[in-house]
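Peer 1: This structure is in structure tokens; I'll ask about it shortly.
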Amino acid sequence: MKKFIEITDLTKVFVSGNEEIHAFGPANISINSGEFVSVLGPSGCGKSTLMLMIAGLLDSTSGKVEFESKLLKEPKTDIGIMFQENTLVPWRTIKANIELQLELRGLKVKDYQDQIYNILKSVSLEDFADRYSNELSGGMQQRAAFCQTMIHDPKIILLDEPLGKLDAMTREKIRADFQKLWMVKKPTVIFVTHSIEEAVQLSSRVILITPRPGKIDREIKIDLPYPRDLNVKRSKKFINYLTSIHEVFHKYGVI
Ligand SMILES: Nc1ncnc2c1ncn2[C@@H]1O[C@H](COP(=O)(O)OP(=O)(O)O)[C@@H](O)[C@H]1O
Ligand SMILES: [Mg+2]
């Protein structure tokens, strides 16, 4: 039986002039509906390249990406994407930025007013709905960008180091907010990060990628209860996951 998302023999080789850069693969990844999968690997191993191919924004050199057994040919509308740079526009308020997502997808803004309030409340931004994005701190902007990504209830969410630029405390807060949202809506998430702790805290499964050209070293199922709060993070099991992943990357000399 094919899984919800099937990635088969996916490879990317960039060609510029006479030079070929083997950026990623070949790799096979199967993902069930509702899974939270982290893709963890060192800088330059091809994580962003993989995400762009999954999103249908970059052609693969070989191999394929299938969603519910259908071949991906163009960006799908039921995918929510969030990369490191947020896409809030400064001339719209936070609420109007979220509405922009709906407009772009041809959805009726007035049908979503309650959802907009609720999702802003879930990340403690309900009092900032009418502020412009540049009046918010970096962390608040990132939380607003999460709302933008989630508002149309995408079945699949692709996140490429969305918290990369934030300070540790803000990252922690957004992780917790995002975990709560995921637990309620259960979208299928593919989350790229280079933070071992972030991957173990959030995911049901972590896929470890080797240095470039990125291949799968191994997959680790994270068998810990949600929500993964401070108590879980202090547990022996959590720390054991961190240590064993650390050892894998240490073997490659990247940490
Ligand atoms: N458009 C491109 N043209 C040529 N090389 C690229 C391009 N995009 C990425 N690369 C190269 O592919 C490799 C993987 O990049 P990337 O997927 O961004 O890695 P990561 O996200 O894991 O840091 C790097 O060596 C990078 O320089
Ligand atoms: Mg990247």
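Peer 1: Once every DSSP H run of n ≥ 4 in the chain is given -39500 (n - 2.57) and the sum is divided by its residues, what mean residue ellipticity at 222 nm do you get, rounded to the nearest 500 deg cm²/dmol? Present the calculation step by step, with values, prior to reporting the outcome.
Peer 2: Working: 8 runs with 88 residues, N = 255.
That calculation yields -10500 deg cm²/dmol at 222 nm.
Peer 1: While we're here: Where does the longest stretch of the chain lie that holds no GluC sites (Glu not before Pro) found in a DSSP loop with 12 or fewer other Cβ atoms within 10 Å?
Peer 2: The reported range is 86-255.
Peer 1: Tell me the relative contact order for the chain as a rounded percent, counting alpha carbon contacts under 8 Å between residues six or more apart.
Peer 2: About 26 percent, as a whole number.
Peer 1: Who wins for biggest fluctuation among ARG218, ARG234, ARG131 in a Gaussian network model of the chain, springs between alpha carbons below 10 Å?
Peer 2: With Cα springs under 10 Å in the chain, the top fluctuation among ARG218, ARG234, ARG131 is at ARG234.
Peer 1: Select from segment 62-140 those chymotrypsin sites (Phe, Trp or Tyr not before Pro) which occupy a DSSP coil region and have at most 13 other Cβ atoms within 10 Å, ordered by residue number.
Peer 2: When the chymotrypsin sites (Phe, Trp or Tyr not before Pro) of segment 62-140 are filtered for loop state and at most 13 Cβ neighbours within 10 Å, TRP91 remain.
Peer 1: Please check: in the Gaussian network model of the chain (C-alpha springs, under 10 Å), which one of LEU107, LEU58, LEU50 has the largest mean-square fluctuation.
Peer 2: Taking springs between Cα atoms under 10 Å, the residue moving most is LEU107.
Peer 1: Within 13 Å, Cβ to Cβ, of GLN84, how many net charges do the neighbouring residues add up to if Lys/Arg are +1 and Asp/Glu are -1? Mind showing how you got there, number by number?
Peer 2: Numbers: positive: LYS47, LYS165, ARG171; negative: GLU85, ASP160, GLU161.
After counting each charged neighbour, the total is 0.
Peer 1: By what distance, in whole Å, do the Cα atoms of the chain stretch along each of the three principal axes, largest value first?
Peer 2: So the extents along the principal axes, rounded to whole Å, are 48, 45, 39.
Peer 1: Would you please name the trypsin sites (Lys or Arg not before Pro) within segment 11-85 that are DSSP coil residues with at most 12 other C-beta atoms within 10 Å of their C-beta?
Peer 2: For trypsin sites (Lys or Arg not before Pro) across segment 11-85 that sit outside H, G, I, E and B with at most 12 neighbouring Cβ atoms in 10 Å, the list reads LYS73.
Peer 1: Let me ask something else. Any chance you could list the semi-axes, whole Å, largest first, of the equivalent ellipsoid that the Cα gyration tensor gives for segment 87-153, using √(5λ)?
Peer 2: Listed largest to smallest, the semi-axes of segment 87-153 are 17, 13, 10 Å.
Peer 1: 7 Å from Cα along Cα→Cβ at both ASN28 and MET183: what's the point-to-point distance in nm?
Peer 2: 3.5 nm
Peer 1: Under 13 Å from the 7 Å Cα→Cβ point of GLU68, by amide nitrogen: which residues of segment 170-211?
Peer 2: Within reach of a label on GLU68: 188.
Peer 1: Could I ask something else about it? With both partners inside the chain, how many of the DSSP beta bridges are antiparallel, as a percent to the nearest 5?
Peer 2: 55 percent
Peer 1: Within the set of other residues whose C-beta is less than 13 Å from the C-beta of ARG131, count the net charge using Lys and Arg as +1 and Asp and Glu as -1. Don't skip to the answer; put the middle values down first.
Peer 2: Details: positive: ARG92, LYS95, ARG143; negative: GLU126, ASP127, ASP130, GLU135.
Overall, the nearby charge balance is -1.
Peer 1: Hey, rough spin-label estimate for LYS233 and ASN134, points 7 angstrom out along Cα→Cβ, what's it come to in nanometres?
Peer 2: The modelled label-to-label distance comes out at 3.3 nm.
Peer 1: Relative contact order, percent, of segment 113-231 when contacts are C-alpha pairs under 8 Å separated by at least 6 residues?
Peer 2: Taking the mean separation of contacting Cα pairs over the length of segment 113-231, I get 20 percent.
Peer 1: For ARG143, what is the net charge nearby, where nearby means another residue's Cβ is under 13 Å from its Cβ and Lys, Arg count +1, Asp, Glu -1?
Peer 2: Taking every Cβ under 13 Å from that of ARG143, the sum is +2.
Peer 1: Now a separate question. With θ set to phi - 60°, apply the Karplus curve 6.51 cos²θ - 1.76 cosθ + 1.60 along segment 191-207 and write out the HN-Hα couplings as whole Hz, x wherever there is a Gly or Pro.
Peer 2: Along segment 191-207, the couplings run 10, 8, 8, 10, 9, 4, 5, 5, 4, 5, 5, 8, 9, 7, 8, 10, 9 Hz.
Peer 1: Report the charge-dipole magnitude of segment 52-172 in Debye, nearest 20, computed about the Cα centre from +1 at each Lys and Arg Cβ and -1 at each Asp and Glu Cβ.
Peer 2: So the magnitude is around 200 debye.
No value in this document is a laboratory result; all are computed from the given coordinates. Note that this is a predicted model, so its numbers are computed, not measured. Ideal geometry is used to build each Cβ from the backbone, glycine not excepted, and the neighbour counts take in all protein chains shown.
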